[in-house]
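Asks: Once you've had a glance at the structure underneath, I'll fire off some questions.
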Amino acid sequence: MAISRDEVLHVAALARLELSDEEADRFTEQLGAILEAVSKVSELDLGDVEPLSHPLDLVNVWADDEPRPSLPLEAALGNAGEDEDGHFRVPPTGMTRES
Amino acid sequence: MGGGLVGATLDTLRLTAEEAMGLLERGEVSRAELRAAYYDAVAARDAELHCYLRLTEDAEGEGVPIALKDVIGTEGVETTAGSRILEGYVPVFDSTVAARCKEAGLSLLGKTNTDEFAMGSSTENSAFGPSRNPWDPTRVPGGSGGGSAAAVAGGLAPWALGSDTGGSIKQPASLCGIVGLRPTYGTVSRYGIVAFASSLDQVGPTTKTVRDCALLYGVIAGRDPCDSTTVDVPPVEVPDAEHLKGLRIGVPRELNEADGIERGVADSVARAIELAEGLGASVEQCSLPRSVEYGLACYYIIAPAEASSNLARYDGVRYGPREAGGSFDEMVERTRDAGFGDEPKRRIMLGAYALSTGYYEAYYGQAQRVRRVIAEEHAALFERYDVLLSPTSPTVAFLIGEKAANPLAMYLSDVLTIPANMAGLPGLSIPCGLSEGLPVGLQLVGPQFSENLLFRTGHALERALGFDYVPERLR
């Protein structure tokens with residue numbers, strides 16, 4: 001198998017996904033098959049080929065630094081799960097800070 | 001009122017957007033009658049087809065109505081991208097394409113179903129249930145833009161917008177017997193579109209005819225200060241020529257003889273090639289040796305890598321439902337596990353793996369090199385040919401459930417559309433015949449910014465083919 005169950009759990013943790021045992025088993029099998037298929041790219045010897053990250057030859061775009069109205073605060077917070085005093089509110093990050 | 005054109009008798013299955021525009025301009029039909037005719041069709045058929053995730057019955061606009069795929073952000077109208085993790089999300093601004101449709105007077109009928117985050121080839125990955133093919137409701141309409149394609153083919157919208165990363169406009173158009181354009185990368189703004197793979201995503205039209213396709217592309221194309229990857233676009237020409245004199249068509253062997261292409265699909269495409277020669281085009285076999293063999297693998301590294309980055313933003317903080325958790329990390333992990341379906345999870349993990357230390361060069365770096373090989377192979381062919389021709393999809397519409405349990409089999413649906421997409425090339429799919437009673441799509445690919453040439457070629461072929469886009473069982 002191209003990827004182990006532990007590697008799947010590691011990648012899931014990197015991607016902030018909490019997988020159930022059943023999901024971990026299923027994804028190990030499916031991701032193994034997919035990785036085996038996409039590993040086909042390694043058949044080609046392309047050491048001297050420049051990587052292509054973007055399909056167009058674009059140059060940087062410059063814009064004048066002109067202030068424009070931005071979203072009103074209540075609109076920006078309107079879809080939030082929780083907010084307080086004009087901020088997004090989240091549970092404690094688990095970090096303790098010494099003062 | 002013109003003869004027989006009162007609202008109740010408008011045949012939305014046959015009416016093109018261009019014809020609808022004419023009826024409105026001549027005052028033969030009112031805006032309200034036109035919208036009512038489409039909503040009548042929705043009432044009659046959407047319980048079966050499930051094209052729409054929501055309707056927008058009080059939308060403004062005096063022109064021809066339109067449906068938008070639910071990855072396209074619409075101010076004040078819920079936009080979910082087919083995912084639970086965006087359920088209840090109501091954008092506070094319009095995407096540029098939605099704004100351009102409004103400026104052109106197009107009135108929104110509703111938001112159409114899509115595979116979750118546009119990841120899929122059948123709409124079966126939608127968190128809100130699959131759409132069905134108007135030609136045969138036991139079959140998929142293709143994906144991810146299956147809702148838009150089924151709506152147009154089933155007469156539930158005169159035209160619609162989709163988005164295409166690996167084939168999500170072209171393949172559903174093919175499976176539903178209509179026209180779909182994936183424009184050149186950079187010609188249509190991605191501002192306000194729910195992002196999947198940013199170096200590949202493009203919005204484009206899904207229509208009944210090539211002329212409608214050109215008209216709608218003209219509405220949405222152009223540079224946008226809000227999307228720095230957009231460029232100036234040549235003026236769009238609505239095609240009317242009915243010959244192909246002087247056109248050089250290349251027929252890449254690998255795209256026309258790939259494993260898995262059904263006999264009936266190959267036969268329909270062969271007949272279209274004969275017609276093209278009859279219209280004055282020269283046709284020659286050519287080759288894309290590495291683009292087709294390595295294209296799918298290249299795509300399924302690059303697109304998931306970009307997706308894993310784009311989908312990191314769904315954390316339960318700024319939008320979407322939130323799961324309770326004792327700490328920030330726990331809240332984020334539970335929200336993402338509950339909110340994402342299997343396909344986004346697979347692609348996020350695949351992408352995170354391909355980008356992770358120790359694997360980056362072997363997967364992502366190598367895939368980017370393959371991508372250049374694909375772009376250069378296509379560029380070399382365009383020194384000898386104006387247009388490349390192939391089937392759009394190796395198969396006609398498959399049965400609902402047929403490929404749902406096997407992600408790799410589903411990925412193969414896009415094997416013929418992916419190579420041109422990796423190279424940023426425009427592709428037009430037009431219907432070219434039936435196989436076992438189901439539509440077959442013909443893919444025309446041109447150099448970057450050759451949309452006008454694709455429209456001319458597609459229009460001339462469309463006239464010669466005389467394909468009837470009304471599903472047989474609904475005639």
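Asks: Give the long-range amide H neighbours of B:Ala221: residues separated by 5 or more places, or on another chain, with amide H under 5 Å away, using H modelled in the peptide plane at 1.01 Å from N.
Replies: none
Asks: Just tell me, in residue order, which DSSP H segments of chain B are both 27 angstrom or longer along the helix axis (alpha-carbon based) and at least -1.0 in mean Kyte-Doolittle hydropathy.
Replies: B:289-310
Asks: Taking the stretch A:2-99, which trypsin sites (Lys or Arg not before Pro) meet the DSSP loop condition and have no more than 15 other C-beta atoms within 10 Å?
Replies: For trypsin sites (Lys or Arg not before Pro) across the stretch A:2-99 that sit outside H, G, I, E and B with at most 15 neighbouring Cβ atoms in 10 Å, the list reads A:Arg89, A:Arg97.
Asks: Enumerate the amide H contacts of B:Leu244 below 5 Å, restricted to partners 5 or more residues apart or on another chain; note that Pro and chain-start residues carry no placed amide H.
Replies: Amide H neighbours of B:Leu244, under 5 Å, 5+ apart: B:Gly280, B:Ala281.
Asks: Please figure out what share of the DSSP beta bridges in chain B is antiparallel and state it in percent, rounded to the nearest 5.
Replies: Beta bridges within chain B, antiparallel portion: roughly 70 percent.
Asks: Right, something else. Which pairs, out of B:Lys102/B:Lys245; B:Lys69/B:Lys102; B:Lys102/B:Lys403, put more than 27 Å between their alpha-carbon atoms?
Replies: Checking Cα-Cα distances, B:Lys102/B:Lys245; B:Lys102/B:Lys403 exceed 27 Å.
Asks: Let me confirm one metric for peptide B:109-121, namely the mean number of other chain beta-carbon atoms within 10 Å of its residues' beta-carbons.
Replies: Average per residue, whole number: 0.
Asks: If you take each beta carbon of peptide B:403-409 and count the beta carbons of other chains within 10 angstrom, what is the mean?
Replies: For this peptide, the per-residue mean of nearby foreign Cβ atoms is 2.
Asks: If we sort B:460-473, B:200-213 on the protection proxy, mean other Cβ atoms within 10 Å, highest first, what's the order?
Replies: The peptides rank, most packed first, as B:200-213, B:460-473.
Asks: Could you list which residues have their amide H under 5 Å from that of B:Ile193, counting only those 5 or more apart in sequence or on another chain, with H placed in the peptide plane?
Replies: Sorted by chain and number, the residues that satisfy this are B:Gly73.
Just so you know, all these numbers are worked out from the coordinates, no wet-lab data involved. On a predicted model such as this, the values are computed, not experimentally measured, just so you know. When we count neighbours, we look across all protein chains shown, and the Cβ atoms used for this are built from the backbone with ideal geometry, even at glycine.
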